[in-house]
1. Whether any residue in the range 107-129 is surrounded by 22 or more Cβ atoms within 10 Å (Cβ to Cβ), over 28 Å from Ala14 (Cα atoms) and touching a residue at least 24 places away in the same chain (Cβ under 8 Å) is what I want to check.
2. What is the one condition in (1) open to solvent by 30 Å² or more (accessible area, probe 1.4 Å); (2) in contact with a helix residue (DSSP H, G or I) (Cβ under 7 Å, 6 or more places away or on another chain); (3) at pLDDT below 95; (4) under 30 Å from Thr121 (Cα atoms) that Lys168 does not satisfy?
3. Could you list, in sequence order, all residues of the range 56-70 that are at pLDDT 95 or above and either under 23 Å from Arg92 (Cβ atoms) or among the β-branched types (Val, Ile, Thr) (or both)?
4. Looking only at the range 197-210, decide whether some residue is in contact with a strand residue (DSSP E or B) (Cβ under 8 Å, 6 or more places away or on another chain) and closer than 21 Å to Pro77 by Cα.
5. Being open to solvent by less than 50 Å² (accessible area, probe 1.4 Å), within 16 Å of His152 (Cα to Cα) and modelled with pLDDT of 95 or more is true for just one of Ala73, Ala9, Ala44. Which residue is that?
6. Within the bounds of the range 45-55, is there any residue that is small (Gly, Ala, Ser) and either part of a loop (DSSP other than H, G, I, E, B) or closer than 27 Å to Arg218 by Cα (or both)?
Amino acid sequence: MDTTVLIPAWNAEAYIERALGSIHEDVAVLLIDDFSSDRTVERAQSVGLKKLRILRPSRKECLGLVRQTALDAVETPYAVWLDADDAFLPGRIERTIAPLKAGVADFVSDSQELVDGASGTFIRDLPIPDFISEDRDKVRLFERNWLPGIAHVAFRTEIGRQIGYDTKLHGGDDSDFVWRAIAAGAKFEFIHQKGYRMYAYAGSDSRNVEKQRAMVARALKKHRYSDVKNLYLRNGFSEQVTLWGLCSMALFRGEMDEASKFLKLLEPNARKTLEVLEPAGPYLVLEAWRFAFTEGTLSLLNDRWTEALP
């Protein structure tokens, strides 16, 4: 037994048995109960997993603290996250842990599928885009999250502890963890086979867009534009692609003046270019269209409606 499944849970009595029931391998399971007021713990114990441990964080605060509590308690060299309202698909643990054991990766992510939580109806597949696999250092995750389940990574425990979770973040904690891992030079591996079933619920905290944006902005502000720029260039991306990445990063940080500066640098080569900058993705639109759209969006976000309209 060399792997632990980590499950953060709060008032998850309706689906915790489903999550635990999707774990078939001989692994340890660590459930971090964030002071549930329902029967989450009792339902978890009823499944009868012999290697289930249940812990609570030191206080009721945020998801970042819950995740760090789990990280501190892991006793195996490898770990993988599972949300309490989701489920593993068969073989997921073995597939994601294999690259870690082989020493070719510190973190592993895979493709997923999205299912409606209320009805159980399949919604769509959530693949990992091909273009991101070619990005050696995964620096393009700084421009937006391209992974279907950035919170559900498998990782080497030693590296995970070196990175750690921000215990003040509730939302964006998973992205923050991955961004700091990228900045630290961690190795990532992607598996295109589906291994995870994500259930969508109307009241999910991840759908609180205002909160998510605020936490993501805070996490991104830990990284200097100059450092991220160097990561792009080190990976062989052009100056044009790099500037688009920095512009997107500035937008997610809510720094419109910085986004405008990057857009101004893009203008000479983008405003009238009638070609697709990256045919393999992610943005399969003409550069001139992309420039005009972003320029209009920036005007809109700055309440310059008359400039935004054309």
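1. yes
2. Of everything listed in (1) open to solvent by 30 Å² or more (accessible area, probe 1.4 Å); (2) in contact with a helix residue (DSSP H, G or I) (Cβ under 7 Å, 6 or more places away or on another chain); (3) at pLDDT below 95; (4) under 30 Å from Thr121 (Cα atoms), Lys168 misses just condition (4).
3. Hits for the range 56-70 are Val66, Arg67, Thr69, Ala70.
4. Taking the range 197-210 first, the residues in contact with a strand residue (DSSP E or B) (Cβ under 8 Å, 6 or more places away or on another chain) are 197-200.
Filter once more, so that each one left must be closer than 21 Å to Pro77 by Cα: none.
Within the range 197-210 (the criterion being in contact with a strand residue (DSSP E or B) (Cβ under 8 Å, 6 or more places away or on another chain) and closer than 21 Å to Pro77 by Cα), the answer is no, since none of the residues qualifies.
5. The match here is Ala9.
6. First pass over the range 45-55, keeping only residues small (Gly, Ala, Ser): 46, 48.
Add one more test, that the residue is either part of a loop (DSSP other than H, G, I, E, B) or closer than 27 Å to Arg218 by Cα (or both), and what stays is 48.
Among the residues of the range 45-55, at least one is small (Gly, Ala, Ser) and either part of a loop (DSSP other than H, G, I, E, B) or closer than 27 Å to Arg218 by Cα (or both), which makes the answer yes.
Matching residues to (1) farther than 19 Å from Arg234 by Cα; (2) touching a strand residue (DSSP E or B) at 6+ places or on another chain (Cβ under 9 Å); (3) among the charged types (D, E, K, R):
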position	(1), (2), (3)
Asp116	yes, yes, yes
Arg124	yes, yes, yes
Ile128	yes, yes, no
Arg140	no, no, yes
Leu147	yes, yes, no
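Here's the yes/no breakdown for (1) at pLDDT 95 or above; (2) part of a loop (DSSP other than H, G, I, E, B); (3) β-branched (Val, Ile, Thr):
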residue: Ala84; (1), (2), (3): yes, yes, no
residue: Ile97; (1), (2), (3): yes, no, yes
residue: Gly103; (1), (2), (3): yes, yes, no
residue: Arg124; (1), (2), (3): yes, no, no
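The values are calculated or read from the model by the stated rules, or taken from the named source; none is laboratory data. Source: prediction; values computed, not measured. No Cβ is skipped: glycine too gets one built from the backbone with ideal geometry, and neighbour counts run over all protein chains shown. Each accessible area value is taken on the protein alone, full model and side chains, heavy atoms only, with ligands, DNA and RNA left out. Shrake-Rupley method; radii C 1.70, N 1.55, O 1.52, S 1.80 Å.
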